[in-house]
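*Asks:* Starting off with a structure, shown below.
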Amino acid sequence: MNFRKVLKFPGVSRTLSVLTTLFGISVFVFLVLRVIPGDSITGAFGIETGALTPQQIAELRVYYGIDKSLFMQYISWMQSFLSGKFGFAYSTGVSVSTLTKSSLPVTIELAIIGTVLGVILGIAIGMFSAKKPGSTRDFAGQLFGLLALAIPGFVLSTGIVTIMANKFHYFPNGYEYMTPWENPWMNFQQMMFPGLVLGIAVAAPVMRTTRSALLETVDKDFVRTAHGKGVPNNKVQFRHILRNSLIPIVTMTGIQFGYLLGGAVIVEKIFALPGMGRQILDAIMKREYATVQSSIMIFAIMFVLINVATDIVYRKIDPRILK
Amino acid sequence: MRNKEEKAKGALHYYLQSTSGVVGAVLVLIMVIVAICSIFGFTPYDPVEQHIEDILQGPSAHFWFGTDEFGRDVFSRTLEGMRRSLTVSITAVSLAATLGVSFGILAGYVGKWFDQLVTRVSDVFFAFPAILLALAIVASLGNDWYDTALAIGVVYTPIFIRVARGPVLTVKEMDYIKISRVLGFSSFRILRKHIFPNVFAPIVVQVALSLSWAILTESGLSFLGLGTQPPTPSLGLMVSEAQPLAAFAWWTLVFPSLFITIVVVGLNLVGDGLRDALDPARRSS
């Protein structure tokens, strides 16, 4: 069997292209972080580095494997990454997989809450706006979209924290973080506001997409036919118009879910959530190559997988797409 | 020549008809003027000067936006911060647009392996959330304004590659390009005179939108402590410094936040206005 034929199997060429992308990402992440000046020994030992003899520094470099060539360092990072340990944090000696096991669920929960809130809010306001284009309510909807796009997440978060903590003396994130299994009610309270901040960021583009997709569909013949044959207006709104506008909305949501992961860095910091974003930020501050590298790599893998998932969802909602 | 003038007039004419475009242009213009004032030192006070007797004063005739915990004038600091944001964003977007458009047009026009390579590499860049990639690059480069600009520029380059490459692929197969080639025009001339004008409109729109994202990314980075370092003011840093103060000194939080929001709203509106003005299909009249 030749190579061309293998490529024709469903999913094979897709998988290959995903794999090359991931390979490219790994090389890129690796190279970018190697440019960091002060190396991780300085980072791990801080001012005490000065007390080390050159002999000791050299031994440490051998111990941590940063004396080898770039190529060998990449190989050993990949080995450790693929074995599921993702490397070790120099300063604490904890493996990145241990760190990630507790931080990844936090970020995923946050991203899901944000996406769900964002999609509900975005579609609702988009429908609200599209009902009467050019009216006051359309203007209000569009103003919301614009402001949600323009107010940075950190401003919104800082504002919410200030108001909640000082006016209402309510700040659940001041307590230690609780997983949904330990204390579901506490977890909900801690996730509510950061989820809302991310949700508003997602809602803006979803709202804009929904509005324009709906306005385009409303004029289609089948909508007129549905009205003509006496389908109740509500049913036309959801079954005919919304259903047929879903493709661009799903695309937008997929893209946004990825960006949410980025937004999580800022929101997690402000709301003191021990997620992936904070893990990366802390690691950058401490110059922990391995942690930054592997954490960013995990983010990127999720991002790529979400894009693939978006593609699969397309086909489910629109059987006309066959490729 | 005459025709060109009319065309330019036409675009401006259509732009001025869109309310959002005009409002956006006014907002952006105000912010640009404010930033220019700061370049020439037309701020009421030195942005890093500490007025020890006037710590945490509310807005007044002396200190329009109040003072912060070191008695520094929030108004002067906000202007200086806006200038930094705009400098970084404009540098970053110029870099991204120049690189992205050149690579995009070339990839689309040359095709074959070069196109494959460029698309693959930009796919890799697309696989990161923008702020995360910028974070990693800034962490490895440093905290100077040009480091931030470079990081944001690199992050946004693939967007311009994509925007430029698309139209080239469609246009390149059209008869007039084939004819130009038969007539013996050089590739450079074809690219410049026949292909570039077709890519121009989407790029201009993209520049406006990218500027707004760049401002958000820049302020996000400095908020996280990875951009401008204190005591130099930057809008993101000011918001971060205002966190513990906001409860009793709202002005330290509100004014820098307001400036970021206004400039981003303005740029988005300008983007919308440009899209409507430059796309004949969208023109209402």
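FYI, it's all coordinate maths here, none of it is from the lab. In this text the structure is predicted, and so the values were computed from the model without any measurement. Because the Cβ atoms are built from the backbone with ideal geometry, glycine has one as well, and the counts that use them run over all protein chains shown.
*Asks:* Write down the Kirkwood hydrodynamic radius of segment B:35-92, to one decimal in angstroms, obtained as one divided by the mean of 1/r over all alpha carbon pairs.
*Replies:* 11.6
*Asks:* Could you give the nm distance between label points at residue A:222 and residue A:164, where each point is 7 Å from its Cα heading toward the beta carbon?
*Replies:* It is 4.3 nm.
*Asks:* What are the semi-axes of the equivalent ellipsoid for segment B:91-217, taken as the square roots of 5 times the Cα gyration tensor eigenvalues, largest first, in whole Å?
*Replies:* Largest first, segment B:91-217 gives 31, 14, 11 Å.
*Asks:* Pick out which of B:227, B:41, B:153 has the largest mean-square fluctuation in a Gaussian network model of chain B, springs linking Cα atoms closer than 10 Å.
*Replies:* B:41
*Asks:* Please list the radius of gyration and Dmax for segment A:154-253, considering alpha-carbon atoms only, with Å as the unit.
*Replies:* 20.5, 59
*Asks:* Dividing the convex hull volume of the Cα atoms of chain B by its residue count, what figure in Å³ per residue is obtained?
*Replies:* Roughly 156 Å³ of hull volume per residue.
*Asks:* Read phi for every residue in segment A:149-154 and hand back ³J(HN,Hα) as whole Hz from Karplus 6.51 cos²θ - 1.76 cosθ + 1.60, θ = phi - 60°, with x for Gly and Pro.
*Replies:* Coupling constants for segment A:149-154: 6, 9, 7, x, x, 6 Hz.
*Asks:* Right, something else. Looking at chain B, which longest stretch skips every one of the chymotrypsin sites (Phe, Trp or Tyr not before Pro) that is in a DSSP loop with at most 12 other Cβ atoms within 10 Å, leaving the sites themselves out?
*Replies:* Numbers: sites that count: B:40, B:42, B:248.
So the longest stretch without any such site is B:43-247.
*Asks:* Could you compute the FRET efficiency for residue A:75 and residue A:192, with r as their C-beta to C-beta distance and R0 at 45 Å, rounded to 0.05?
*Replies:* It comes out at approximately 0.50.
*Asks:* Right, another one. Of the candidates B:164, B:246, B:25, which one comes out as most mobile in a Gaussian network treatment of chain B with C-alpha springs shorter than 10 Å?
*Replies:* B:246
*Asks:* Would you calculate the volume per residue, in Å³, of the smallest convex hull containing every Cα atom of segment A:108-217?
*Replies:* Dividing the Cα hull volume of segment A:108-217 by its residue count gives 110 Å³.
*Asks:* Report the percentage of all Cα-Cα pairs in segment B:74-152 whose separation exceeds 21 Å, rounded to a whole percent. Can you show the working numbers first?
*Replies:* Working: 1320 of 3081 pairs.
Roughly 43 percent, rounded to a whole number.
*Asks:* Where does helix B:19-39 land angle-wise versus the long Cα axis of chain B, in degrees 0 to 90, nearest 10?
*Replies:* The helix B:19-39 is inclined about 60 degrees to chain B.
*Asks:* If you don't mind, there's one more thing I want to ask. Please check: in the Gaussian network model of chain B (C-alpha springs, under 10 Å), which one of B:265, B:124, B:204 has the largest mean-square fluctuation.
*Replies:* Fluctuation is largest for B:124.
*Asks:* Across all directions of projection, what mean area in square nanometres is found for the Cα convex hull of segment A:114-172?
*Replies:* Projected over every direction and averaged, the Cα hull of segment A:114-172 covers 5.1 nm².
*Asks:* Give me the angle, in degrees from 0 to 90, between the Cα long axis of helix B:112-126 and the longest principal axis of the Cα atoms of chain B, rounded to the nearest 10.
*Replies:* Tilt relative to chain B: about 20 degrees.
*Asks:* Still on this structure, I have one more. Would you list A:169, B:194 from fewest to most Cβ contacts within 10 Å? Don't jump to the answer; show the numbers that get you there.
*Replies:* On the way: A:169 7, B:194 18.
Sorted ascending by nearby Cβ count, the order is A:169, B:194.
*Asks:* Using helices alone, what [θ] at 222 nm do you get for the protein assembly as shown, with -39,500 (n - 2.57) per DSSP H run of 4 or more residues, divided over all residues and rounded to the nearest 500?
*Replies:* -24500 deg cm²/dmol, from helical runs alone.
*Asks:* Moving to a separate point now. Assuming a ≥ b ≥ c are the square roots of the Cα gyration tensor eigenvalues, decide whether segment B:87-133 counts as rounded (a/c under 1.5), prolate (otherwise, with a/b larger than b/c) or oblate.
*Replies:* Oblate shape, in that a/c is at least 1.5 and b/c is the bigger or equal ratio.
*Asks:* Given 37 °C and 0.692 mPa s, how large is the Stokes-Einstein diffusion coefficient of segment B:11-146 in µm²/s, with Rh as the Kirkwood radius over Cα pairs?
*Replies:* Translational diffusion coefficient: 174 µm²/s.
*Asks:* Please say if the protein assembly as shown is rounded, prolate or oblate, where rounded means a/c under 1.5 for a ≥ b ≥ c the square roots of the C-alpha gyration tensor eigenvalues, and otherwise the choice is prolate for a/b larger than b/c and oblate otherwise?
*Replies:* It comes out rounded by the Cα gyration axes.
*Asks:* Let me know the mean shielding of A:262-271 by other chains, meaning the per-residue number of their Cβ atoms within 10 Å of its Cβ. Provide the component values of the computation, followed by the final result.
*Replies:* Values: counts 10, 5, 3, 6, 6, 0, 0, 4, 3, 0.
Taking all residues of A:262-271 together, the mean is 4.
*Asks:* Taking a 24 Å limit on the Cα-Cα distance, which of the listed pairs A:167/A:269; A:167/A:286; A:132/A:316 fall beyond it? Don't skip to the end; give the middle numbers.
*Replies:* Values: A:167/A:269 22 Å; A:167/A:286 35 Å; A:132/A:316 30 Å.
Check vs 24 Å cut-off fails for A:167/A:286; A:132/A:316.
*Asks:* Here is a further query. Using Cα atoms only, what is the angle between the long axis of helix B:196-223 and the major principal axis of chain B, expressed in degrees (0 to 90) to the nearest 10?
*Replies:* 20
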